[in-house]
Amino acid sequence: MPKPSELEGLIGTEVGVSKWIEIDQARVDAFADITEDHQFIHVNPELAKQTPFGGTIAHGFLTLSLASAMSYDAVKPLDGVVMGVNYGFDKLRFLAPVPVGSKVRGRFKLLSAEDKGGGRWLIKHELTVEIDGGDKPALIAEWLGMQMVAP
């Protein structure tokens, strides 16, 4: 766990890579049910075979929603952190579809760390979600998180 005083030296560096996460049809179907997004390209393998994708693909927001699991796996919180909250995104782009049956993982690069006072640190990571064997990432985002450190 880095100390807040060490953050400046980490800016611009990769601070973690998550394990691979499998994207199977059951996960995609469950996400469709939860979000009420049943577009055929995600949930109907027969119809999806007739598209340029050649089969079903994960929802972009499903891929994005895995960012938390990727972060827990790959990025160490600040030393003394008592709570962290999602603060949003500055940029987010979906660059390539994630075929069902593939795997994704997250790469995290520290872009900035701002002391907001009172033990609050605004941390910005560049998140790149890679597709195993893919030519392009599924998404790239600038993700903000607020970490609260005990005094």
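Do you know which residues across region 85-106 are buried (at least 16 other Cβ atoms within 10 Å of the Cβ) and touching a helix residue (DSSP H, G or I) at 6+ places or on another chain (Cβ under 9 Å)?
Result: F94, P97, V98, V100, V104, R105, G106.
Those residues that are touching a residue at least 24 places away in the same chain (Cβ under 8 Å), out of contact with any Phe, Trp or Tyr (no Cβ under 8 Å at 6 or more places or on another chain) and either of a type in the set (D, E, K, R) or surrounded by 13 or more Cβ atoms within 10 Å (Cβ to Cβ) (or both), I need them from region 1-17; list them, please. I'd like the intermediate steps shown before the answer.
Restricting attention to region 1-17, the residues satisfying the condition of being touching a residue at least 24 places away in the same chain (Cβ under 8 Å) are 1-4, 7-8, 10-17.
Then drop every residue that is not out of contact with any Phe, Trp or Tyr (no Cβ under 8 Å at 6 or more places or on another chain), which leaves 1-3, 8, 10-13.
Correct list: P2, K3, E8, L10, I11.
Collect the residues in region 21-34 that are surrounded by 13 or more Cβ atoms within 10 Å (Cβ to Cβ) and either among the aromatic types (F, W, Y) or without any contact (Cβ under 8 Å) to a residue 60 or more places away in the chain (or both), keeping them in residue-number order.
The answer is R27, D29, F31, A32.
Looking at T56, T63, which is the one that is surrounded by 13 or more Cβ atoms within 10 Å (Cβ to Cβ), under 26 Å from L122 (Cα atoms), touching a strand residue (DSSP E or B) at 6+ places or on another chain (Cβ under 9 Å) and of a type in the set (S, T, Y)? Break it down into steps so the answer makes sense when it comes.
Working: T56 fails: under 26 Å from L122 (Cα atoms).
Going through T56, T63 in turn, the sole match is T63.
Since every read-out is calculated from the coordinates, none of them should be taken as a lab result. As the structure is a prediction and not an experimental result, all values here were calculated from the model. Here the Cβ is made from the backbone with ideal geometry for all residues, glycine too, and neighbour counts use every protein chain on show.
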